[in-house]
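To keep things clear, I will list the structure first and then write my remarks on it.
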Amino acid sequence: MDRFDTRVATPLFERMTVIGIGLIGSSILHAVRKRGLAKYIVASDHSEDVCKRAREIGFADEVTSNVIAAVKNSDLVILCIPVGEYGNIGPQIIPHLRSGAVLSDVGSVKGCIFTALAPVMRSDIHLIPAHPVAGTEHSGPDAGFATLFVNRWCILTPQESADPEAVSKLNSLWQEMGANTETMSAEHHDLVLAITSHVPHLIAYNIVGTAADLEEVTRSEVIKFSAGGFRDFTRIAASDPTMWRDVFLNNKTAVLEMLGRFTEDLTALQRMIRRGDGDGLFALFTRTRAIRRSIIELGQETAAPDFGRQRAAEKE
Ligand code: NAP
């Protein structure tokens, strides 16, 4: 039994609200309940069906589709909804937040929260965005599990003017859920994640789309021989369409910049193949292999050749 199986001595928050009971929201709810990180836990989703399912799972003291009732008197509110929804939810909840409350999120893009909430933001609320760099290709209230964040990174992106005590409390919450935490500016986060997450997803969506449209290769052949590398792309390309549409619409600049770099490097690779530059190809593939080794050494992936499927299965 490790420390993530035991309850903390004192809850960090009195009343905490999670809005959006999907993969990330339900994983937070499981982890917070299991570790006793909040005295009273409220979960809210705009779908009545999702709320009903959340009540059956039983990871919150209260589940409601009434988002105003959900946030009232909470000292922590975490948005676990697609980033494109921030402009809608902000005006609904911000007038009803308790003075001094921490408002956070888990969105995969960080700069956009400040822009989306700016017109309705209050000076007595601590807005401290966060992004757990952890996930699976599954969605919905049944997809979550308490150990999703264990040994994963969570990046906090407070503004320089943020209250250090509020930042520290949110930081502790993520650490108690098992995450390693790091703080950086929202702008830098969006640049880093563009190359480590957003562009790879775009490439996966693209290659799976291209394979599906090929005329010379049948769809059944694509599926049958998928173990040759394609299968790993299909896992990523099965990720939630709403979430990823919003990621690309809200991190345009950084994604387009990284795509530009990627396209230049791809052209160089094409040239190597055309010219028969085996040494060039070998040198690049050797360099990239070393990067994978460093990721495994840092405990962010296993050496098993299943690209993280095992981790998703571990929750069963
Ligand atoms: P998810 O499984 O699809 O869950 C999101 C839930 O929020 C759904 O039940 C959705 O309902 C609900 N919702 C949407 N808009 C809402 C609103 N305005 N009010 C109340 N509920 C609302 O999504 P997720 O994967 O947990 O992602 C949530 C956030 O986490 C996103 O911002 C994403 O960028 C971030 N994130 C995701 C991952 C990942 O791997 N999935 C990793 C890190 C961070 P409907 O489906 O009916 O719209």
- Item | Total charge dipole magnitude, the chain, about the Cα centre, Cβ charges on Lys, Arg, Asp, Glu only, Debye to nearest 20 | 380
- Message: Nearest 500 deg cm²/dmol is fine: what mean residue ellipticity at 222 nm does the chain get from its DSSP H runs of n ≥ 4 alone, each adding -39,500 (n - 2.57), divided by its residue count?
- Response: -14500 deg cm²/dmol
- Note on the structure: Relative contact order as a percentage, region 1-102, C-alpha pairs under 8 Å and 6+ apart, gives 29
- Taking the simple approach of a point 7 Å from Cα along Cα-to-Cβ for both LEU269 and THR181, what is their distance in nm? 3.7
- Mind checking which of PRO132, ALA143, ALA69 is farthest towards the positive end of region 51-205's charge dipole, using Cβ charges of +1 (Lys, Arg) and -1 (Asp, Glu) about the Cα centre? ALA69
- Cα extents of the chain per principal axis, largest first, Å, are 66, 40, 37
- Task: Take region 3-184, compute every pairwise Cα distance, and split them into 10 Å bins from 0; I just need the percent in each bin.
- Result: 10, 43, 39, 8, 0
- Message: Could you work out how much longer the chain between THR218 and ILE57 gets when fully extended? Use 0.36 nm per residue separation minus the Cα distance between them, nm to one decimal.
- Response: 53.8 nm
- Query: Sorted by mean Cβ packing within 10 Å, highest first, what order do the peptides 15-22, 251-258 take?
  - Reply: 15-22, 251-258
- Counting other beta carbons within 10 Å of each Cβ, put ILE273, ILE203 in order, fewest first. ILE273, ILE203
- Quick one: if the Förster radius is 22 Å, what FRET efficiency do LEU249 and GLN159 give, using the C-beta to C-beta distance and rounding to 0.05? 0.45
- Additional length obtainable on full extension of the chain from LEU281 to ARG261, 0.36 nm per residue less Cα span: 5.4 nm
- Item | Calculated FRET value between GLN92 and ASN206, using beta carbons and R₀ = 45 Å, to 0.05 | 0.80
- Selection from LEU298, ALA212, LEU97 lying farthest towards where the dipole of the chain points positive, charges on Cβ: LEU298
- Taking a spot 7 Å from the Cα of ARG289 along the direction of its beta carbon, which residues of region 207-249 have an amide N less than 18 Å from it? 229
- Query: Among residues other than GLN92 whose Cβ falls under 15 Å from its Cβ, what is the net charge (Lys/Arg +1, Asp/Glu -1)?
  - Reply: -1
- THR115 to LYS34: extension gain in nm, 0.36 nm per residue of separation minus the Cα-Cα distance? 25.7 nm
- Most exposed first by the Cβ proxy, i.e. fewest other Cβ within 10 Å, how do TRP174, TRP153, TRP244 rank? TRP153, TRP244, TRP174
- Collect residues whose amide H, placed 1.01 Å from N in the peptide plane, falls under 5 Å from the amide H of CYS154; neighbours closer than 5 in sequence don't count. VAL133, ASN180, THR181, GLU182
- Query: Computed over the Cα atoms of region 70-178, what is the ratio Rg over Rh, Rh following Kirkwood?
  - Reply: 0.94
- Message: Need one number: nm distance between label points at SER226 and GLU301, each 7 Å from Cα along Cα→Cβ, rounded to one decimal.
- Response: 1.9
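Just so you know, all these numbers are worked out from the coordinates, no wet-lab data involved. These numbers were taken from a predicted model, which means no experiment stands behind them. Neighbour counts are summed over all protein chains in view; Cβ atoms, including those assigned to glycine, are modelled from backbone coordinates with ideal geometry.
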